[in-house]
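Down below is the structure, laid out as structure tokens.
The values are calculated or read from the model by the stated rules, or taken from the named source; none is laboratory data. All of these numbers come straight from a predicted model, not from anything done at the bench. Glycine also receives a Cβ, built like all others from the backbone with ideal geometry; neighbour counts cover every protein chain displayed. Accessible surface areas use protein heavy atoms only, side chains included; no ligands, DNA or RNA. Shrake-Rupley method; radii C 1.70, N 1.55, O 1.52, S 1.80 Å.
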Amino acid sequence: MSTKSGAASEELTFFGDVCQFFDHAAQFTNHPAGLLDQIKSCNSVYRFRFPIRKGDGLEVIDAWRVEHSHHKSPTKGGIRYSEMVNEDEVMALAALMTYKCAIVNVPFGGAKGGIKINPKNYSLAELENITRRYTVELVKKNFIGPGIDVPAPDYGSGEREMSWIADTYQTMNPGQLDALGCVTGKPIALHGIAGRREATGRGVAIAVRECVSVADDMKVLGLTPGLAGKRVIVQGLGNVGYHSAKFLAEFGAIIVGLCEFEGAIYNEKGLDIDEVFNHRKASGSILGFKGAQKEFKKSLEGLEQPCDILVPAALENQITEENVVRIHAKIIAEGANGPTTPGAEEMFVKQGGIIIPDMYCNAGGVTVSYFEWLKNLSHVAFGRMDKRYEETANENIVNMVEASTGVKLSPEQRSVIVKGATELELVNSGLEDTMIRSYHEIRDVKMANPKIKTLRIAAFVNAIDKIAVSYSNMGVWP
Ligand code: GLU
């Protein structure tokens, strides 16, 4: 069943791509067209412009905040700082946030923000000014708040920007007890949560590990089950790419290729991600790394090198109908949002590949943002109340077992058993459980209907069904 609102179908836009996937998936659901239309549409699009002082003059900054779906409150999603940002992109990313949250059972609607600047062209003071002014504009229109809309980092923004947002919001809302829940991805010292920085990359690595653990699916791809020895190429050495590569290597994969704007490097025996990162930091380029066997000045050539798994973790539209035929990978794990065009996906799946879709694959960030928001609302760090209690209880059990069996544990064995969970361990455990469960939920939807050819369409079906239930719970639809 195709629904009417959304982007014009003739012109291919990013939001149009998302709507195209949605319409395809909607055929496998039984919801009325009006409800599907409501789920698909962007509920609120706020476009604004504000001046900042730059040098001797003023500069007008273009900015957006899109709340795609209010089926749950607050809405949630990052703020992108990029020269390339535009309304269509922010709408698409907000829509993906809605589906993403539904897939990983995070009780938020989707939103996204955009500030059209290249952060590299602005001083620290100017960036702070832009971020604070952006926040003021959101406050003025009721587009931010712990129960309204909760931004987070995205491409071009990070903990620093989030702390400016939190401070501005708090200043404008004196005495609001939950004010710090107005934004996530804050520094730990300023009410953030352990594990948020690396959460998206860790989630990507867990998603890939789960995918390759299914022996039946790997047999079809001609791969052995398990991550050990799998060759991986990662595009993007930002927060998501860096951490995806790091955790995939930790789980036993070999990072054979890394790609950035300026080019790509490859070594079939493996690249040390930290060495490459430090080399780029020192020299300003990924190229010239001494541990590389080959290097490519054209970054996209890096994606076309021999590997089993490709992790695009940079920007949208990287794998297209033009280059997909040259991709060697059997699995594409979308760390970025929208890196594969619909046409490319169709061809890749026909070539016999699996795509782990963005809206599931990179959902680790928002999952841990949810934990941070819960922490901010409860005003207590996870583990603070029960860590010592748990340790004492475990100590008592070990003492009793030792006394009754006569077996004495070594101090190391004892501390492994006795130790209570830290905040980081609880966060990572919640994240791992979420990623594993959600993978199988999506795969089960796909397996239940042979007409569903991709995990992406299965993920959409899963999300649409869950959002439809929320609307019926609200009494909006029967
Ligand atoms: N910007 C991230 C995303 O696209 C994180 C969003 C969040 O934590 O709210 O998923």
Given a 1.4 Å probe and every protein chain left where it sits, what share in percent of the accessible area of the chain is carbon and sulfur?
54 percent
Determine the shape class of segment 257-308: with a ≥ b ≥ c the square roots of the Cα gyration tensor eigenvalues, call it rounded for a/c under 1.5, and otherwise prolate if a/b is greater than b/c, oblate otherwise.
oblate
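Just to confirm, what accessible area per residue do you get for the chain at 1.4 Å probe, in whole Å²?
It amounts to 43 Å² per residue over the chain.
Is the C-alpha gyration tensor of segment 183-267 telling us rounded, prolate or oblate? Criteria: a/c under 1.5 is rounded; beyond that, a/b larger than b/c is prolate, otherwise oblate.
On the way: a/c = 3.00, a/b = 1.52, b/c = 1.98.
Since a/c reaches 1.5 but b/c is at least a/b, the shape of segment 183-267 is classed as oblate.
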Once you order the gyration tensor axes a ≥ b ≥ c over the Cα atoms, which shape class does segment 370-478 get: rounded for a/c under 1.5, otherwise prolate or oblate by comparing a/b with b/c?
prolate
Would you compute, from DSSP H runs of 4+ residues alone, the mean residue ellipticity of the chain at 222 nm, taking -39500 (n - 2.57) per run and dividing by the full residue count, rounded to the nearest 500?
-14500 deg cm²/dmol
To check you understand DSSP bridge types, tell me what percent of the beta bridges within segment 1-144 (both residues inside) are antiparallel, rounded to 5.
75 percent
Note on the chain: the mean projected area of its alpha-carbon convex hull, in nm², is 26.4 nm²
I'd like the Karplus ³J(HN,Hα) series for segment 173-183: coefficients 6.51, -1.76, 1.60, θ = phi - 60°, whole numbers in Hz, and an x wherever there's a Gly or Pro.
10, x, x, 6, 4, 9, 3, 6, x, 7, 7
Could you run the Debye sum over the Cα atoms of segment 83-159, one equal point scatterer each and no solvent, and tell me log10 of I(q)/I(0) at q = 0.15 Å⁻¹, two decimals?
-0.59
Karplus-derived 3J(HN,Hα), 6.51/-1.76/1.60, for each residue of segment 187-200, Hz, glycine and proline x:
x, 4, 5, 10, 6, x, 10, 4, x, 5, 4, 8, 4, 5
Karplus (6.51, -1.76, 1.60) ³J(HN,Hα), θ = phi - 60°, over segment 345-361, in Hz, Gly and Pro reported as x:
4, 4, 5, 5, 5, 5, 5, x, x, 10, 10, 8, x, 2, 5, 9, 4
Excluding exposed DSSP-loop GluC sites (Glu not before Pro) (at most 10 other C-beta within 10 Å), longest clean stretch of the chain:
12-478
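Of the trypsin sites (Lys or Arg not before Pro) in segment 192-270, which ones lie in a loop per DSSP and count no more than 11 other C-beta atoms within 10 Å? Spell out each step's value before the answer.
Details: sites: ARG196, ARG197, ARG202, ARG209, LYS219, LYS230, ARG231, LYS246, LYS269; in loops: LYS230, LYS269.
Answer in residue order: LYS269.
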In square angstrom, rounded to the nearest 10, how much accessible surface does HIS24 have for a 1.4 Å probe?
80 Å²
Once amide H atoms are built 1.01 Å from N in the peptide plane, which residues 5 or more positions from ARG80, or in another chain, come under 5 Å H to H?
GLY113, GLY114, ILE115
